[in-house]
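S.K.: I have a structure here, written as C-alpha cells, and I will follow up with some questions on it.
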Amino acid sequence: MAMEAMALDPKYAIPYTTLAWSHMMDVFMQSTESTQESMKLAAAASKKALEIDGSHPQVHKVLSNLYIMQGESDKAIASAKRAVELSPGDSLSFANLGLCLMFACKPNEAIPMYEKALRRNPFSDFTHHRNLAWVYLMVGRYDDAIEELQKAVQKNPSNYHIYYNLVLAYTKLGRNEKARAAAAELLEIYPKFSLDWWAKTAVKMYAKECQSAIHNDIEFLRKSDVGLK
C-alpha cells in the first residue's frame, strides 16, 4: 500500500513514514531475515520523509522511534519534542514524547506526558494506558500500573506487551497466581515470547543508565517461576 501511494505521489511524505514503521516493526517482531538491512531501509525511508516534508509531525514521530532503536536517546527526544511543537493538540505526539523519555531512563518526565496525552484524548487506544503503566513500573508504582493495564486490556485484549507488564507488576506485588494467569495469556497471544528474546530486543532500546534495572526485572521474573522462561 505504501509503495502504491509513493508511486501516485512521490512528494507525499506519509507513505515513507509508513514504510519506515513497517521495517522497524519487522525488526521488533522478529519477522525479518536481516535486522541490519531492515534498519537500513527504515532509516532511508525516514530520511526521505524528512526531505519531503520536515513540517509534518508524523515524520518526526517516526524519526524519534528510529533513534530509539538506534540507541540515540537525545536525538529521539529532540524529534519527539519537535512533533509536539508541530501538533500541540495531538495526544499521540505527547504519548510519543513520553515513550522517548521512558527509553531515555527519565520515567518521572515521561509520566506527565502520558497524562497530558490522556487528557487530550480520554478515548485514545490502548497504547497510552499500556505505556503509562510501563513508566509507573519503572518508578515502583505497581498498583497504578495494574490499573492502567486493566484499562489497556479492555481496549485491546490481544497485545502481549500488556500481559508482560501485568506479569511484572503482579510478581512485584507477590501476587503470583495472577502473574501466572497473565503469563499464560501472553504466551497464548505470542508463543515465540521468551525472556531471553525480551532481553536482547527490548533492553537495548533503553539508555545505558537503566539497562541494568531492566535486566534485573527480567532475572526477577525468571527466578520467580511465574510461567515465563
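S.K.: Stokes-Einstein diffusion coefficient for segment 1-154 at 37 °C in a medium of 0.692 mPa s, Rh from the Kirkwood formula over Cα pairs: what value in µm²/s?
M.R.: Once the numbers are plugged in, D ends up at 205 µm²/s.
S.K.: Next question. Tell me the net charge near Leu173. Cut-off is 13 Å between Cβ atoms, Leu173 excluded, with +1 for each Lys or Arg and -1 for each Asp or Glu.
M.R.: 0
S.K.: What does the net charge come to around Ala202 if you take all other residues with beta carbon closer than 15 Å to its beta carbon, with K and R at +1 and D and E at -1?
M.R.: Here the charged neighbours net out to +3.
S.K.: Then there's this: Full-extension gain between Lys204 and Asn216, please, as 0.36 nm times their residue separation minus the C-alpha to C-alpha distance.
M.R.: 3.0 nm
S.K.: Follow-up. Find, among the trypsin sites (Lys or Arg not before Pro) in segment 120-201, those assigned to loop by DSSP (not H, G, I, E, B) with at most 11 other beta-carbon atoms within 10 angstrom.
M.R.: Answer in residue order: Lys192.
S.K.: Give the list, by residue number, of cysteines in the chain with no other Cys Cβ closer than 4.7 Å, or say none.
M.R.: If one checks each Cβ against the other cysteines of the chain, Cys100 turn up with nothing under 4.7 Å.
S.K.: Report the label-to-label distance for Ser31 and Glu85 in nanometres (one decimal), using points 7 Å from each Cα along the Cα→Cβ vector.
M.R.: 3.5
S.K.: Before I look further, what does the chain give for accessible area per residue, probe 1.4 Å, in whole square angstrom?
M.R.: 50
S.K.: Could you tell me which of rounded, prolate or oblate describes segment 79-205, using a ≥ b ≥ c as the square roots of the eigenvalues of the alpha-carbon gyration tensor, with rounded for a/c under 1.5 and, failing that, prolate when a/b is larger than b/c and oblate otherwise?
M.R.: Prolate is the answer for segment 79-205, as a/c is 1.5 or above and a/b outweighs b/c.
S.K.: Please give the charge dipole size of segment 110-213, origin at the Cα centre, charges +1 on K and R Cβ atoms and -1 on D and E Cβ atoms. Round to the nearest 20 debye.
M.R.: That gives segment 110-213 a dipole magnitude of about 200 debye.
S.K.: Moving on. Which of the lysines could a cross-linker span from Lys200 if the Cα-Cα distance has to be under 17 Å and same-chain partners fewer than 8 positions apart are dropped?
M.R.: Here the lysines satisfying the reach criterion relative to Lys200 are Lys192, Lys208, Lys229.
S.K.: Using a cut-off of 15 Å between alpha-carbon atoms, which aspartates and glutamates can reach Lys48, once sequence neighbours fewer than 8 places away in the same chain are excluded?
M.R.: Asp9
The values are calculated or read from the model by the stated rules, or taken from the named source; none is laboratory data. Keep in mind that what you see is a predicted model, and the values were worked out from it rather than measured. Here Cβ is always computed from backbone atoms with ideal geometry, including for glycine, and neighbour counts include all displayed protein chains. These accessible areas exclude ligands, DNA and RNA; they are computed on the full protein's heavy atoms, side chains included. Shrake-Rupley method; radii C 1.70, N 1.55, O 1.52, S 1.80 Å.
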